[in-house]
Amino acid sequence: MRKKREKKEAALALSRRDFLKGAGVTVSGGLLVGSSAAAAEAAVSENVVGPGPVPITLRINGENHRLSLEPRITLLDALRDHLNITGSKKVCDRATCGACTMLMDKKPVYACTVLAIEAEGHDITTIEGLAKDGQLSPVMEAFWKNDAQQCGFCTPGFVMACTAFLMKNSDPTLEEIEKGLGGNLCRCGTYAGIRRAALEAAKAMKGAQIHG
Amino acid sequence: MQAFEYASPRNLSEAVRLLSVRWGESSILAGGTDLISAMKDGISTPKRLVNIKQISELGGIEFSPRNGLRLGAMVTLRGLLDHADVQQHYPGLIQAAEGVRSEQLRNMGTAGGELLQRPRCWYYRNGYGLLAMHDGKSLVPDGQNEYHAILGNSGPAYFVSPSGLAPILIALGATVTLHGPRGTRRIEVEKLFVTPTRVGQREHDIQPNEILTEIRVPYRAGVRTATYEVRQKEALDWPLAAAAVALRVEGGVIRDPRVVLGQVAPVPWASPEADRALSGKRPSEDVADAAGRAAVAKATPLSKNGYKVQLARIAVKRAVLSAVQQGG
């Protein structure tokens, strides 16, 4: 779906450029048939949005949310301040600590450093999306069993990073876990418990479908 | 963060048209891992962001022995790490990308952005500018300079070049393509980096309305590569010193060595002295050590960073040993 849309839009952009150059009037795909050069010019400037609020649709844990946000609003702030989805934590807010980790198309990212407007069209998974039908995900379960948290503030980010890591590495060594979770910090120092939890979750998940 | 306009063009020429001719008015948004934080800190205050991630011609990795490697600027570090040809032919580049120890950053950060990230110098990050000027004088020589330059630091620039990929790319003779309103130009990665000599000068040879579109890395059969980073902690942080090496071993001796240090000077620091110490020699621990010594022989540490001389020496030694130990 997305690919198709991109192709269409790429063709549109190309046509606009041709128009601006004053090049031939044959337009690919017939998308701009009937437009004038002036209309094409307007179309280009319409591609610039903001600085005021812009309609943005975010797909979070399988559900679409329509929002009106300034381009400067990060994905993290959009969820926490505008949708009241507050499981992902805001700590350093500088792409360093990992507390805001979400999955974007199943890959872990720092949501504090992704603009909400950039996240449009991507599948976002947060800690709220891991438990299914009241059942903790294997990673959540393993964190709980191994006492892999103290104050708990880094935990949602660690669980998301760990979930993504185990989706790519189903049979990790302790060293691989250490390196794989290098983008998250725990100031209480619960790393030993987190590594144990990751190992146990890997075992629990073997052959099983991973949530998220 | 100050409010800004936003655009996400689908092709290069539209992107260039959306950019300003003046620094500070518009910024290119790639992975955003450096830029967004700099904007929150008020270090960068663009009125317009141009997201270039939707431009398909900036993506893709291609390799052939004849043409070498072409990396689209928007290839993520994760995309680079997962590519079989890069793994097979450029292990030193893989080691450098692994140096970014956060999977989140590897998923977001791009190859082009990695080269063009701004220095980590804490004076710069706190608003004193690249030259850390206060009352017409640099704050670095008498200040907190433990992470600053030990080479190329006669002033006024004392920050260190933060790129992890640049040293190995330079050692391999890579080039970058820059696209601007007057067409494209291709320059060596080494020439992309400049030491600023006056306030307001950028540390890269790039114009505000130019876009780094691709990185090209030549391929030479039998080249062995390695990157070695010395770091304070294993988790996410920039290294204290780094070295990248490309060389061949022919008839039992080292040929065409190229040693480039990172994190020690305002630019990635090529060391012809280390190259000479290696060229024509049989690989051994002593020869690798001699290259390390030669690389730092002219170091001029500041008041608090003398320890970096030793780290840089060892980084070179270990990078050389790692490279020669590869088959090839």
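Where the centroid of each part is defined by its Cα atoms, how far is segment B:248-264 from segment B:15-72 in Å?
Cα centroid of segment B:248-264 versus Cα centroid of segment B:15-72: 32 Å apart.
By accessible area of protein heavy atoms, probe 1.4 Å, what ranking do A:TRP144, B:TRP238 get, highest first?
Reading off the accessible areas and sorting them downward yields A:TRP144, B:TRP238.
Tell me, how many Å apart are the Cα centres for segment B:104-157 and for segment B:202-229?
Using only Cα atoms to place each centre, the spacing works out to 20 Å.
How high is the FRET efficiency between B:SER13 and A:ARG59 when r is their beta carbon distance and R₀ equals 22 Å, given to the nearest 0.05?
About 0.10, to the nearest 0.05.
Could you work out the helix-only [θ] at 222 nm for chain B, with each DSSP H run of four or more residues adding -39,500 (n - 2.57) and the total divided by the number of residues, to the nearest 500 deg cm²/dmol?
Using -39500 (n - 2.57) per qualifying helix, the result is -7500 deg cm²/dmol.
Of A:ASP133, A:ASP171, which has the most accessible area with a 1.4 Å probe, and how do the rest follow in descending order?
I get A:ASP133, A:ASP171, largest accessible area first.
Viscosity 1.306 mPa s, temperature 10 °C: Stokes-Einstein D of segment B:58-328 from its Kirkwood Cα radius, in µm² per second?
85
Kindly report, to the nearest 10 Å², the accessible surface of B:SER37 as traced by a 1.4 Å probe over protein heavy atoms only.
Its accessible surface works out to 10 Å², give or take rounding.
For peptide B:43-50, how many partner chain Cβ atoms fall within 10 Å of a residue's Cβ, on average?
Counting other chains' Cβ atoms within 10 Å and averaging over B:43-50 gives 2.
Residues in segment A:86-111, backbone N under 16 Å from the label point at A:GLN150 (7 Å along the Cα-to-beta-carbon vector): list them, ranges by number please.
Backbone N within reach: none found.
Describe numerically, in nm with one decimal, the distance between label points set 7 Å from Cα along Cα→Cβ at B:ARG293 and at A:LEU83.
If labels sit at B:ARG293 and A:LEU83, their model points lie 6.1 nm apart.
Apply the Karplus parameterisation 6.51 cos²θ - 1.76 cosθ + 1.60, with θ equal to phi minus 60°, to every residue of segment B:205-212 and state each ³J(HN,Hα) to the nearest whole Hz, in sequence, with x for glycine and proline.
Listing the rounded values in order: 7, 8, 8, x, 10, 10, 10, 6 Hz.
List the DSSP H helices in chain B whose Cα atoms stretch 20 Å or more along the helix axis and whose mean Kyte-Doolittle hydropathy is at least 0.5.
Result, helices passing both filters: B:307-325.
Starting from the alpha-carbon convex hull of the protein assembly as shown, give the projected area averaged over all orientations, in nm².
Computing the convex hull of the Cα atoms and averaging its projections yields 26.9 nm².
Give the Cα extents of segment A:67-169 along the principal axes, in whole Å, largest first.
Here the spans come out as 41, 26, 26 Å, largest first.
Calculate one ³J(HN,Hα) per residue across segment A:79-84 by plugging θ = phi - 60° into the Karplus curve 6.51 cos²θ - 1.76 cosθ + 1.60, and present them in order as whole Hz with x for glycine and proline.
Karplus values, whole Hz, x for Gly and Pro: 6, 6, 8, 10, 10, 6.
What percentage of all Cα-Cα pairs in segment A:138-205 are separated by more than 16 Å?
33
Specify which residue in the list B:ILE43, B:GLN263, A:THR86 is farthest towards the positive end of the charge dipole of the protein assembly as shown, using unit charges on the beta carbon of Lys, Arg (+1) and Asp, Glu (-1), about the Cα centre.
With unit charges placed on the Cβ atoms, the residue in question is B:GLN263.
Could you please put A:LYS89, B:LYS281, A:LYS179 in sequence from largest to smallest accessible area, using a 1.4 Å probe?
In descending accessible area the options line up as A:LYS179, B:LYS281, A:LYS89.
What nm distance separates the two modelled labels at B:ASP135 and A:CYS188, each placed 7 Å from Cα along Cα→Cβ?
Taking the simple label geometry, B:ASP135 and A:CYS188 are separated by 4.7 nm.
Averaged over its residues, how many other protein chain Cβ atoms are within 10 Å of peptide B:297-308's Cβ atoms?
Across the residues of B:297-308, the mean count of other-chain Cβ atoms within 10 Å is 0.
Whole angstrom only: what separates the Cα centroid of segment A:113-184 from the Cα centroid of segment A:57-84?
20
Can you work out the Karplus-derived ³J(HN,Hα) for every residue in segment B:171-179? Use 6.51 cos²θ - 1.76 cosθ + 1.60 with θ = phi - 60°, whole Hz, and x for glycine or proline.
4, 8, x, 6, 10, 10, 9, 10, 10
Averaged over A:51-61, how many beta carbons belonging to a partner chain fall within 10 Å of each residue's beta carbon?
Mean shielding count: 1.
The values are calculated or read from the model by the stated rules, or taken from the named source; none is laboratory data. All figures in this text were calculated on a predicted structure; none of them were measured in a lab. Because the Cβ atoms are built from the backbone with ideal geometry, glycine has one as well, and the counts that use them run over all protein chains shown. Note: areas computed on protein heavy atoms with side chains; ligands, DNA, RNA excluded. Shrake-Rupley method; radii C 1.70, N 1.55, O 1.52, S 1.80 Å.
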